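The values are calculated or read from the model by the stated rules, or taken from the named source; none is laboratory data. What you see is a predicted model; the values in this text were computed from it and never measured. Note: ideal-geometry Cβ built from the backbone for every residue, glycine included; neighbour counts use all protein chains shown. For accessibility, only protein heavy atoms count, side chains too; no ligands or nucleic acids. Shrake-Rupley method; radii C 1.70, N 1.55, O 1.52, S 1.80 Å.
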Amino acid sequence: MTDNKNQNKQHSGPKLNDQMLIRREKLEKIRALGVEPYGQKFDWDHHAADIRKEAETLEKEETHVRIAGRIMIRRGQGKTAFCVLRDQSGDIQVYFKRDELPENEWALFKLVDIGDILGIEGTVFTTHTGELTVRVIHFTMLSKSLRPLPEKWHGLTDKEQRYRQRYLDLIMNPEVRETFVKRAAMMSAIRKWYTDHGFLEVETPVLQPLYGGANAKPFTTHFNALDMTMYLRIAPELYLKRLVVGGFERVFELNRSFRNEGVDVRHNPEFTMMEFYAAYKEYHWLMDYTEKLLRTVAEKTIGTAVIQYQGHTIDLTKPFDRLTAKEAVLKYAPQYTPEQLEDKDFMQEELKRLGEPAKADAGVGALQMAIFEAVAESKLIQPTYIIDYPVEISPLARASDKVPGITERFELFMAGRETANGFSELNDPQDQAARFMAQAKLKASGDDEAMYYDADYVRALEYGLPPTGGCGVGLDRFVMLLTDSPSIRDVLLFPHMRPEA
């Protein structure tokens, strides 16, 4: 019933205020002039930035330029007017004069509003105030805006409206555009890094018959043709490792993954990850490699690997710190003693006090991790690897040959949040089958985030997975750092929102 109500709201049509009614009247007048106000052909040959770059030559040679964009400001009355036109590259002033336009175009210009998209042909000159300007010889109406732009968009404090109407945010706020330009540059730099290092970019299924590769609750759907339940992937990991079994020694994927979890400043149910796998490598190599990757990508994207983020200076140029969970707690929460962090009863009681009760059967390692998350994680501002995770919370990671109950796993934290997760991959099929069985028992007992027993993946391992290292990096969180964005919604073009009331 709720969905039908939402659909009815979406299709009930816009409520028209006075300005919107006036614009619709102008639309009819434009058509009465014999002008089609939408979708006319216009071939531009310059952006605003091109004109600024070539200004001296264009002005000297009186070159005709053709630009297209949105009218953002309009000044002047009578027989002349100055406007500011904005395209993807920036703003440029344009000058309309009645005596220099055909009569029908001047009549059309009188119907132009802020927000309209125009194609303009003209010559470049500099006004007596030093403003580079295009003198309009001809113009074409390309799209009539039926809604007025906000007058004081930068003064709005309602971020939800900005996220919901991202198109309007992009029109009015060049800084928001720049965030997504940097995001695109980051993605390009990542691709180049991997291809330069011999990795093959691949694509794995988004719809999966079994979800795996992480502990998370999935989105569920139904495949009608095969009459079977399917899941949106929570991670691409198990498919990527199947490819390593098949002989691709280095693979990576820039992927969209989905987890049916809450929404906050760090989480969105649909997010972008980068995962890579390298045969014959282990987790120490992975940490070194990931460090170099992030350092290089930052330099390529924003010109420096020393990042200013929410009042902190985060330095990617120095070697990243490496600590166990216990060592991190002792360093950042010195009220605890080493003996307390080996005492299961103490840690259980302390977690209850902190409002973070742990499972009754949790081992020492899992309890240390829970204490770490409660008291130390938020303090890891500089890049820090937390290493050597317990087997019980690492069902896909290779067990240590040196320390019983520990895996060769790490997570990278920056600005108090997890940014990457990697490990030496578990390639023993019998061990993997046993861990899947343990996960299946958790699922049967009501743990929605536990993994399924993936028989085909175990079969793949039985053919032989070479020693392999793999890592996943949360790209939304990394671009937050590169753009000094406090919320993940600031770096997603269309974050998920509740339906409008």
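Odds and ends about this structure:
- Scanning region 106-125 for residues that are in a loop (DSSP other than H, G, I, E, B) and either open to solvent by less than 30 Å² (accessible area, probe 1.4 Å) or among the charged types (D, E, K, R) (or both) yields a total of 6.
- Scan of region 450-489 for residues that are in contact with a strand residue (DSSP E or B) (Cβ under 7 Å, 6 or more places away or on another chain) and part of a helix (DSSP H, G or I), ordered by number: 475, 476, 477, 478, 481, 482
- Yes/no for residue 432 being out of contact with any helix residue (DSSP H, G or I) (no Cβ under 7 Å at 6 or more places or on another chain), open to solvent by less than 30 Å² (accessible area, probe 1.4 Å) and either basic (Lys, Arg) or not in a strand (DSSP E or B) (or both): no
- Residue 418 being in a strand (DSSP E or B) and open to solvent by 50 Å² or more (accessible area, probe 1.4 Å): yes
- Within region 42-69, residues that are closer than 12 Å to residue 121 by Cα sit with their Cβ atoms under 9 Å from residues that are among the β-branched types (Val, Ile, Thr) and in a helix (DSSP H, G or I), at 6+ positions apart or across chains, in these pairs: 63/57; 65/51; 67/51.
- Among residues of region 325-344, those that are open to solvent by 30 Å² or more (accessible area, probe 1.4 Å) and closer than 18 Å to residue 419 by Cβ, counted: 1
- Residues in region 255-308 that are modelled with pLDDT under 95 and among the hydrophobic types (A, V, I, L, M, F, W, C) were compared, and the one that is farthest from residue 415 (Cα to Cα) is 263.
- Qualifying residue in region 318-336 (condition: within 29 Å of residue 433 (Cα to Cα) and among the hydroxyl-bearing types (Ser, Thr, Tyr)): yes
- Lone qualifier among 321, 388 - being at positive phi, within 32 Å of the chain's Cα centre (by Cα) and open to solvent by less than 80 Å² (accessible area, probe 1.4 Å): 388
- Among the residues making up region 190-222, those that are within 19 Å of residue 256 (Cβ to Cβ), open to solvent by less than 70 Å² (accessible area, probe 1.4 Å) and not in a loop (DSSP other than H, G, I, E, B) are 190, 194, 208, 221.
- Region 287-318: number of residues that are over 17 Å from residue 471 (Cβ atoms) and not small (Gly, Ala, Ser): 16
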